[in-house]
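Scroll down for the structure; my scribbles are underneath it.
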Amino acid sequence: MDARNKPRLVVIGNGMAGARAVEEILARGGAEQFTITVFGDEPYGNYNRILLSNVLAGSDDTSEIYLNPLDWYADNGIDLRAGVRAVRLDRFARIVHADDGTALRYDRLIIATGSRSFFPPIEGMWADDKTLLRGVFGFRSLDDCLSMIDESATRTRAVVVGGGLLGLEAARGLQQRGLTVDVVHSPATLMNAQLDDPAGAILRRSVEDLGITVHTGTATTGVRGADGCVTGVTFADGTGVDCDMLVVAAGIRPNVGLARGAGLTVQRAIVVDDHMRTIDDDRVYAVGECAEHRGQVYGLVAPLWEQAVVLADHLTGANPAARYHGSRTATKLKVAGVDVAAMGLKAPERPDDEFVQFSEPRLGIYKTIVIRDDKLVGATLLGDVRKVAFLMQAFDRGLPLPPERVSLLFDLGTPPVEVGAAELSDDAQVCNCNGVSKATLVACVQGGQQSVSGVMAATRAGKGCGSCKSLVTQIVEWAAGGAVADDPAGTWYVPGVPYPKPELMRLIRELELHSVSSVFAALVPDGREDAHSKMGLASLLHMMWGDEFVDEPDARFINDRVHANIQRDGTFSVVPQIQGGVTTADQLRRIADVAERYDVPMIKLTGGQRIDLLGIRKEDLPAVWADLGMPSGYAYGKSFRTVKTCVGSEFCRYGLGDSTALGIALEQRFQGIPGPAKMKLAVTGCPRNCAEALCKDLGVVAIEGGRWEIYVGGAAGAHIRKGDLLATVGTPAEVITLAGRFLQYYRENANWLERTYAWVPRTGIDTIRAVVVDDRDGLAAGLDAAMQKSVDAYREPWTDARQDDSDRYRTALPLIALPRVPVR
């Protein structure tokens with residue numbers, strides 16, 4: 001059908017429910033039926049909100065949680081309005097009005113606006129009607145998560161209000177970032193929505209064993225502040241806790257303002273029928289946390305998937321008889337490192353309900369089952385969830401239960417857990433996050449995919465909270481008859497090109513592949529380009545070829561395309577290079593002039609001893625760089641960033657070496673070189689370590705006798721690691737030589753996005769020292785030459801960018817006046 005004649009489907013909300021509904025619609029031929037537009041408040045693709053706690057804890061990078069990156073929308077012909085909020089809905093004219101001034105007519109509309117953090121009325125929490133006190137956060141979105149990570153870098157003590165799942169995950173994440181954390185929970189039991197009192201007590205003990213202080217039965221009534229920043233919280237009994245960061249995880253509320261303003265029926269959320277249509281307008285559907293079905297509003301992901309299937313069946317006509325009858329909620333997750341599974345009733349409700357309970361608090365284990373009329377109607381597992389697969393199946397299906405009820409909790413002559421995969425029925429749901437059944441996994445294996453990771457990639461099983469990975473592995477092994485294939489993709493440098501890094505580099509050299517597109521064309525069997533691989537390939541090719549690398553803009557992430565760091569509101573941050581942290585009055589004057597000229601809303605000193613200009617519009621970037629007249633500080637790329645220094649021997653009375661001069665020399669030599677991940681260096685003038693050299697990718701410390709110690713593999717971000725001593729040398733020239741050789745060895749051998757703090761212990765400091773310092777393998781000359789090639793290829797990106805006459809710096813969302821229909 002001609003695109004101009006297709007009905008238009010507009011989706012308001014690009015979260016997990018909205019995007020899943022679109023996926024289900026596409027799977028039913030929806031792209032042929034509709035022209036699809038998606039509005040999303042956030043300037044990103046669709047990501048897995050469940051994994052935000054992993055990002056906060058530092059176990060996942062933000063790039064790892066995307067379900068559908070921006071390329072996916074373009075590949076499927078979807079008009080994604082990322083970062084654009086729908087602000088008004090005119091149902092009579094069938095028009096969606098957005099905050100960028102646009103208006104879009106629809107033929108069918110899906111409201112998937114999700115929910116938002118709930119902030120209880122606590123005195124002192126708000127700076128004004130719209131702004132929280134500095135240091136106070138909700139924990140709902142990727143921006144919330146990133147803001148918390150930034151704030152935690154300079155904070156020491158956090159309070160989390162809310163001892164539910166989200167609050168405990170926030171507490172654990174902040175603790176892993178080095179903060180002392182208190183959890184404050186009004187009810188007497190942690191996770192009281194899922195756990196009974198004994199289970200909550202055991203969970204509390206497990207959480208406290210981690211070093212987190214727990215206050216239950218404690219109501220937070222006030223937030224103390226000073227100079228606009230949070231300083232503590234006050235409890236109802238008059239006591240309190242000091243803190244410099246406060247996270248409120250006290251629940252969520254559906255986003256229903258748009259629907260209510262449009263006259264749709266809203267009770268607890270937008271009321272829908274069994275087709276997921278609103279009860280007031282057959283053209284308007286609602287799905288996810290903003291929808292209320294038969295009095296229920298669901299916050300777990302599995303019900304959202306079930307709703308999306310029914311909505312897509314009905315909307316596309318694939319199955320007009322499809323009905324949503326509600327969901328039985330069961331959840332299995334890991335809370336602050338503790339396995340938890342809960343389904344149905346927490347305790348017996350009738351006199352004849354059977355109740356089996358096992359508790360071993362010392363080991364952190366608690367198990368209960370509730371049985372009614374020989375059917376499982378509730379179960380709680382804490383600390384040991386090995387029987388959860390069968391229990392979930394019995395709960396969902398109403399399976400007959402064994403007469404020995406205790407065998408539901410333990411293996412007592414019953415088949416071991418490992419053969420449980422064979423016992424599961426084909427329609428048993430294995431991955432609740434993505435709605436993947438055992439039959440889907442088995443079909444994938446029988447279709448030829450016989451590696452665990454391959455099945456997970458094809459079906460998305462295990463790609464949510466990850467708690468089902470062990471069961472997915474068991475099913476794949478069972479379905480493959482024990483012949484599970486090794487996953488070759490596990491060794492690939494990037495996911496879309498089937499070669500480990502050494503083989504990939506050899507082929508790139510032999511075939512003289514200088515661009516990302518040429519690598520895909522030559523080395524991928526069907527030549528298909530993979531969006532997830534482009535950034536890693538561009539970095540690798542740049543490292544290998546230097547000035548012979550053919551840069552293709554579409555192979556770059558937005559930050560690398562525009563040489564600045566995109567911010568939550570779509571503006572950019574600009575960090576000029578300040579070598580070794582040493583600046584001049586002239587540079588400061590120019591920075592100040594630019595800040596005034598372009599109304600820069602924030603000027604921030606960074607931890608790397610530089611100055612960050614935040615809030616710059618994309619179209620202003622070339623002019624800002626021209627007015628600054630300073631080189632880029634590369635604060636946005638997977639590349640060499642900066643060298644932090646102390647004042648060294650020239651001014652400091654303790655200084656043993658000229659750390660400032662050496663830091664500047666290092667920064668001048670290695671500026672901008674690409675790598676598998678960012679590289680941060682430091683030079684300190686004495687063992688007092690004021691420049692924090694021991695926790696950098698490469699740190700240099702001046703010691704007595706005019707000598708220098710070189711440390712590698714340190715970290716002080718999400719991971720804390722003291723660097724390993726690589727060598728002690730006598731001159732700055734030797735430092736520069738070994739630094740270059742080490743960085744080149746790292747660049748050639750580390751995995752994509754693998755920081756030195758992971759690569760150094762994986763490779764072994766003895767091996768690295770043997771290669772880099774002792775030249776055991778005869779590689780030193782080659783490493784030196786390769787690094788020199790990269791150094792010679794340096795081009796200042798802001799100078800080059802100012803010559804760019806393309807539309808790269810135009811605003812991404814031009815405001816095009818669209819036809820408007822008068823509001824009736």
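Annotations
- Residue pairs, from the table K680/K722; K469/K534; K501/K722, whose Cα atoms sit over 22 Å apart: K469/K534; K501/K722
- Percent of beta bridges antiparallel (DSSP, the chain, rounded to nearest 5): 65 percent
- Residue-wise HN-Hα couplings along the stretch 706-711, as the Karplus relation 6.51 cos²θ - 1.76 cosθ + 1.60 with θ = phi - 60° gives them from phi, are x, 9, 9, 9, 10, 10 Hz; Gly and Pro carry x.
- Debye log10 I(q)/I(0) for the chain, one point scatterer per Cα, at q = 0.05, 0.08, 0.09, 0.11 Å⁻¹: -0.30, -0.81, -1.04, -1.51
- Whichever lysines have a C-alpha closer than 16 Å to that of K789, once near sequence neighbours (fewer than 8 apart) are set aside: none
- Apolar share of the accessible surface for the stretch 109-190: 51 percent from carbon plus sulfur atoms, 1.4 Å probe.
- Under 24 Å from the Cα of K130 - lysines, other chains or at least 8 residues apart: K604
- The calculated FRET efficiency for the pair D143 and T731, based on their C-beta separation and a Förster distance of 30 Å, comes to about 0.05.
- Computed over the chain, the per-residue total of -39500 (n - 2.57) for DSSP H runs of n ≥ 4 gives a 222 nm mean residue ellipticity of -9000 deg cm²/dmol, rounded to 500.
- Under the Karplus curve 6.51 cos²θ - 1.76 cosθ + 1.60, θ = phi - 60°, whole-Hz ³J(HN,Hα) for the stretch 617-625, x wherever Gly or Pro sits: 6, 4, 5, 8, 4, x, 5, 4, 5
- Peptide ranges 365-377, 597-609, 91-103, 672-684 listed from the most packed, as the mean C-beta count within 10 angstrom indicates: 672-684, 365-377, 91-103, 597-609
- Annotation for the stretch 123-203: trypsin sites (Lys or Arg not before Pro) lying in DSSP loop with at most 16 further Cβ atoms inside 10 Å of their Cβ are K130.
- Rounded accessible area per residue of the chain, 1.4 Å, Å²: 43 Å²
- Annotation: amide H-H contacts under 5 Å for R88 (H modelled 1.01 Å from N, sequence separation of 5 or more, or interchain): H97.
- Hz values of 3J(HN,Hα) by residue in the stretch 667-674 - Karplus curve (6.51, -1.76, 1.60), Gly and Pro given as x: 5, 5, 6, 9, 4, x, 5, x
- The modelled label-to-label distance between D352 and R405, using points 7 Å beyond Cα along the C-beta direction, is 1.4 nm.
- All lysines inside 20 Å of K367 as judged from Cα atoms, apart from same-chain residues fewer than 8 positions distant: K332, K334, K346, K375, K387
- Volume per residue of the convex hull around the Cα atoms, evaluated for the stretch 607-663, comes out as 119 Å³.
- Protection-proxy order for peptides 500-512, 255-267, each taking the mean of Cβ atoms within 10 Å per residue, highest first: 255-267, 500-512
- The stretch 326-400 and the stretch 216-268: distance between their alpha carbon centers, rounded to Å: 31 Å
The values are calculated or read from the model by the stated rules, or taken from the named source; none is laboratory data. Because the structure is a prediction, the values reported are computed rather than measured. FYI the Cβ positions are ideal-geometry reconstructions off the backbone, even for glycines, and counts take in every protein chain you see. Accessible surface areas use protein heavy atoms only, side chains included; no ligands, DNA or RNA. Shrake-Rupley method; radii C 1.70, N 1.55, O 1.52, S 1.80 Å.
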